[in-house]
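Heads up: the structure comes next, in structure tokens.
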Amino acid sequence: MAPLSVPGSKRALRHVFLLCLLLPCLPQPVPAPSPSPTPSPPSLPLSPFNDRLEAAYIALQAWKHAITDDPKNLTADWCGPFVCNYTGVFCAAAPDDPHILTVAGVDLNHGRIAGVLPDHLGLLADVALLHLNSNRFHGTLPASMQHMRLLYELDVSNNLLSGAFPSFLTSLPSLKYLDLRFNHFDGQLPDAVFGRQLSLDAIFANDNRFNVSLSSQSLANSTASVIVLANTQLAGCLPPSIGDMADTLVELVLLNASISSCIPPEIGKLKKLKVLDLSRNDLAGELPESIGDMESLEVLNVGYNMLSGVVPESICVLPKLKNLTVAGNYFCGEPVSCLHVPLRDDRMNCIPDWPHQRSHEECIAFEHRPPVHCGADGCVVRHPL
């Protein structure tokens, strides 16, 4: 018997198939809207009247009376109790109580203001930023600033401040950026400035009259990314432990700092360092080959020292090196690869057939000096002939 045909069943299957295709296109029921959240009541503005702002008013009024000249009239509106409206004064919610308004920063940079910093300054206990560079403040930093436990950035550069290093700075728990450059501070820069307990991220102490120890217990302990001690008096030699700053150091500027030393090969461990300026010192010996391991180095300045030998090719082929200064030394050779460094200064050396070099007599005289040997501590050991 021939099989039975079931045309009705085929049509039914075709209808089911078409229905499956059309279902996504059919209007879907709209879900009921979720109830709107109850709007939170609007936050009230912080009151401009509280004990902290009253203390700030006392501090800022005392400061205004200690100013003898304000050529740009930056403090002309420092009148009345609304200190948050004063020019250069910035307020924010207190870190320990978001319901209280307090003075969080003062910025009078480039004001050319003359005067002193009064003891009342310590009443600004919540200040995190104090920027006073390029003014004419004289005297010292008041010891009352030890109460600024939230101070994160202190910039008093380019003023007329003097006296010993303000020792209270080493006890400020939040301080990370310290800029004292271009003042008249003197005496010893404490080892604690470079200590891990303070953990400064940036230290600018150049162009003062500080004395700084280069012992392995001081500078090399620093966790800073930037250290600038140019135009100061550095005692000691560059220690081999300088390589211990490899995890953090990005910029090291020690130019014109009276350093009499060799350059220890351990300096090559500073693989994050971008700027190294050791110019205008009394460095002797040869440039370490290990500097060629400093893969991030962009600027190398060892000009105007007593360095000799051949400039290592490993330095000249550093991938990021943009500026190389070896001028004013007694190098007797320089690889051709150094010619490819974008900014290069190799004048006043003893490189044969090279332009702008020392006279033949100077180079011969240098060759007849007692040989230089570098001790394990990085210091120069000179042996008589």
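The values are calculated or read from the model by the stated rules, or taken from the named source; none is laboratory data. All of these numbers come straight from a predicted model, not from anything done at the bench. Note: ideal-geometry Cβ built from the backbone for every residue, glycine included; neighbour counts use all protein chains shown. To get the accessible areas, we keep the full protein, side chains included, count just its heavy atoms, and leave off ligands, DNA and RNA. Shrake-Rupley method; radii C 1.70, N 1.55, O 1.52, S 1.80 Å.
Of all residues assigned to the range 348-361, at least one qualifies as being open to solvent by 100 Å² or more (accessible area, probe 1.4 Å), part of a loop (DSSP other than H, G, I, E, B), over 14 Å from GLY309 (Cβ atoms) and at pLDDT 95 or above. Selection of the range 53-93 for residues being within 30 Å of the chain's Cα centre (by Cα), among the aromatic types (Phe, Trp, Tyr) and open to solvent by less than 30 Å² (accessible area, probe 1.4 Å) yields TRP63, TYR86. Being in contact with a helix residue (DSSP H, G or I) (Cβ under 8 Å, 6 or more places away or on another chain), charged (D, E, K, R) and open to solvent by 10 Å² or more (accessible area, probe 1.4 Å) is the requirement here; does ASP119 meet it? Against the criterion (in contact with a helix residue (DSSP H, G or I) (Cβ under 8 Å, 6 or more places away or on another chain), charged (D, E, K, R) and open to solvent by 10 Å² or more (accessible area, probe 1.4 Å)), ASP119 qualifies. Kindly indicate whether any position in the range 81-88 is of a type in the set (S, T, N, Q) and part of a strand (DSSP E or B). There is no residue in the range 81-88 that is of a type in the set (S, T, N, Q) and part of a strand (DSSP E or B). Just give me the residues in the range 135-152 being of a type in the set (Gly, Ala, Ser) and either in a helix (DSSP H, G or I) or buried (at least 17 other Cβ atoms within 10 Å of the Cβ) (or both), in sequence order. Answer for the range 135-152, where residues must be of a type in the set (Gly, Ala, Ser) and either in a helix (DSSP H, G or I) or buried (at least 17 other Cβ atoms within 10 Å of the Cβ) (or both): ALA143, SER144. If the condition is being under 19 Å from LEU189 (Cα atoms) and of a type in the set (A, V, I, L, M, F, W, C), then the range 116-174 contributes LEU141, ALA143, MET145, LEU154, VAL156, LEU160, LEU161, ALA164, PHE165, PHE168, LEU169, LEU172. Within the range 276-331, being part of a helix (DSSP H, G or I) and acidic (Asp, Glu) holds for GLU289, ASP293, GLU313. Among the charged types (D, E, K, R) and part of a strand (DSSP E or B), is that true of ASP186? Judged against the criteria, ASP186 is a match. Across the range 217-248, the qualifying residues are those that are among the polar types (S, T, N, Q) and under 17 Å from LYS272 (Cα atoms), and the one among them that is least open to solvent (accessible area, probe 1.4 Å) is SER222. Residues in the range 120-142 that are touching a residue at least 40 places away in the same chain (Cβ under 8 Å), more than 18 Å from CYS84 (Cβ to Cβ) and in contact with a Pro (Cβ under 7 Å, 6 or more places away or on another chain): GLY122 only. Where residues in the range 362-378 are on the phi < 0 side of the Ramachandran plot and surrounded by 15 or more Cβ atoms within 10 Å (Cβ to Cβ), which of them is modelled with the lowest pLDDT? Once the filter is applied, the top-ranked residue is ASP377. Residue count for the range 268-293 under the criterion of being open to solvent by less than 10 Å² (accessible area, probe 1.4 Å) and under 19 Å from the mean Cα position of the chain (by Cα): the result is 4. If you go through the range 51-81 and keep only what is within 17 Å of SER144 (Cβ to Cβ) and either among the β-branched types (Val, Ile, Thr) or touching a strand residue (DSSP E or B) at 6+ places or on another chain (Cβ under 6 Å) (or both), you end up with ARG52, ALA56, ILE58, ALA66.
Filtering the range 199-212 for residues that are over 22 Å from LEU278 (Cα atoms) and either of a type in the set (A, V, I, L, M, F, W, C) or modelled with pLDDT under 95 (or both) leaves a non-empty set. Of the residues VAL336, VAL317, the single one that is exposed (fewer than 15 other Cβ atoms within 10 Å of the Cβ), within 30 Å of the chain's Cα centre (by Cα) and aliphatic (A, V, I, L, M) is VAL317.
Residue by residue, here is whether (1) outside any loop (DSSP other than H, G, I, E, B); (2) buried (at least 21 other Cβ atoms within 10 Å of the Cβ) holds:
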{"position": "ALA192", "(1), (2)": "yes, no"}
{"position": "GLN197", "(1), (2)": "no, no"}
{"position": "ILE203", "(1), (2)": "yes, yes"}
{"position": "SER215", "(1), (2)": "no, no"}
